[in-house]
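The values are calculated or read from the model by the stated rules, or taken from the named source; none is laboratory data. Everything numeric here is computed off the predicted structure, so don't read it as measured data. Note that we place each Cβ from the backbone using ideal geometry, even for glycine, and neighbour counts take in every protein chain shown. Note: accessible area is taken over every heavy atom of the protein model, side chains too, but ligands, DNA and RNA are not part of it. Shrake-Rupley method; radii C 1.70, N 1.55, O 1.52, S 1.80 Å.
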Amino acid sequence: MDYLKSVVPSQLIAERGSNLVVINPGSANIRIGLASQDAPFNVPHCIARYTNQIPKRNVQDQMLNSQVTTAQHMERERAYDVIASLLKIPFLDEEVANSSFPRKMGRVDGHGMHNGKKDTVFSWTDVHERNPTSPVAVESSSSKDVNHEPLNQCVDTDSKELTSSVIKYKQFICGEDALKISPSEPYCLHRPIRRGHLNISQQYPTQQVLEDLHVIWDWILIEKLHIPHSERNLYSAILVVPETFDNREIKEMLTIVLRDLRFGSAVVHQEGLAAVFGNGLSSACVVNVGAQVTTVICIEDGVALPATAKTLPFGGEDLSRCLLWTQRHHQTWPPICTDILSKPVDLLMLNRLKESYCEIREGEVDAVAVVHSYEEGTPPGSHKTRLTALNVPPMGLFFPMLLVPDVYPPPPRAWFHDYEDMLEETWQTEYSRRPDVPDNVYPGVNVNYPMWDSYPVYATKPKKEEKVGLAEAIASSILLTGRIDLQRKLFLSIQLELVILFWALGRWGGFDKGYYSCNGGKSFACNSFK
């Protein structure tokens, strides 16, 4: 208090937010930074762990079902023709039969070739640890723009015992470096959040998911924000959670923030409310297009209306998958093995192509692009090709039949056995006694728990996934408000919110200025679907 009485106002404003860390977890990326920063760190939300399992799996959730059925394929082709009529481009069969340009493609460079352009150089992540005090130690080669010498050139070939004692595998690698690990290396990629929920399955148990979240967040705090454990209690955390998370998931993440990351205090904010307040609004229809899920919710006078919440099971990564399907159907994709499920670096490459070339506008949209290949056993290479129908994939937001998302296993039912749910009025509910809880633990309460067969999966929030397009979801969400005056107010702001959606939801403004900053725009460019 004495400091607040004597401090200069300008100094107080400059210091505001310097000890406040904002954490915004997402399925594919996590945005985290100090409140005083103009922009946060946007880090891929994944971790690669060293494994010695045989057979080796490169991706933890490789068991996802990505097979397209015959019915889905027919629906996708019909959706393409509907989009083609709206965009005034040839239909699917017409485009294939009457190609307006020859399909020429060829390899333009390789990993080992001398090329003057620095941005074409690619190298796999260095997965080895080296003792910095050793005379044979070399710098880490995690940077993507540096070529690296083989390990046998770093040390004397006659000193094999010294080499084995100095060089060993890293136990884990986080962020974008985890996506650039060679498939031949003994690592397995973990994504702790999938489609807006914790990625819990029989192959990925709850404890491992929570441990991976802790390691990733702790690594970012140390490596990016330079906040050591000894000073962590001097900081407070704001956990900005998407609308898709339920109470159990939020509680587990808050436990990680307070118990494992050792923050002094923490508070939870809804993503929709943060977006509204950040843009200086009190009421709005907030649309958040994420990498794997899209949410719509209406805010009135700073209060989220749960009945208006809509969850759409698609996002920016599904547009990248659709881009690959479109090019393969038109035979414009190079003859390379692109597998976004088992090779994460392929999805990274497709996301960048989408961000660079895809946009919504009438007419044929083509571009000459460089497609990278990452074949196992061969050096990474680049292929120059002409991509077509680049305005079709982003239209999948409005015609979801064009997108065929991965089918992922839901969390086991035991995950929802939350006996510590503070938001449930458990004292007013009759339960059967649990055999593992003594009678004197809850005096005066009949603690009898049945097998929880009737326990609702989402007890406090309606989060049923909608199989509709984005435009329909927005209209349906606003109509569910039930009041004509509010509906009129929200419908009048749809155009403004769409600008915020496509241009601002992927950007981060200073927290003193607002949670998101709107830079404006005249077209809906796909490079905002991050």
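Histogrammed with a bin width of 10 Å, the alpha carbon distances of the stretch 305-392 distribute as 15, 47, 24, 10, 4, 0 percent, first bin at zero. Counted by Cβ distance under 13 Å from G264, the other residues give a net charge of +2, where Lys and Arg count +1 and Asp and Glu count -1. Across the alpha-carbon atoms of the stretch 265-331, the computed radius of gyration and Dmax are 16.1, 55 angstrom. What base-10 log of the normalised intensity I(q)/I(0) is obtained for the stretch 163-215 from the Debye formula, alpha carbons as equal point scatterers, at q = 0.16 Å⁻¹? The Cα Debye sum returns log10 ratios of -0.59.
Quick check for me: using +1 on Lys/Arg Cβ and -1 on Asp/Glu Cβ, what's the dipole size of the stretch 190-235 about its Cα centre, in debye to the nearest 20?
Numbers: 5 positive and 5 negative charges, 54 e Å.
Approximately 260 debye in magnitude.
Label positions at L480 and S18, each projected 7 Å from the Cα along the C-beta direction, are separated by 4.4 nm. For the listed residue pairs K224/K310; K180/K310; K56/K180; K180/K384; K354/K489; K56/K343, the alpha carbons are over 23 angstrom apart in K224/K310; K180/K310; K354/K489.
From the largest down, the stretch 191-233 spans 36, 18, 15 angstrom on the principal axes of its Cα atoms.
Applying the criteria of a DSSP loop state and at most 16 other Cβ atoms within 10 Å to the chymotrypsin sites (Phe, Trp or Tyr not before Pro) of the stretch 231-289 yields no site. Under the simplified labelling scheme, the M74-K224 pair shows an inter-label distance of 4.6 nm, with each label point 7 Å from Cα along Cα→Cβ.
Which value, in Å² rounded to 10, gives the accessible area of F172 with a 1.4 Å probe and all protein chains present? Around 80 Å² of this residue is reachable by solvent.
The coefficient of translational diffusion for the stretch 237-353, derived via Stokes-Einstein from the alpha carbon Kirkwood radius under 25 °C and 0.890 mPa s, stands at 145 µm²/s.
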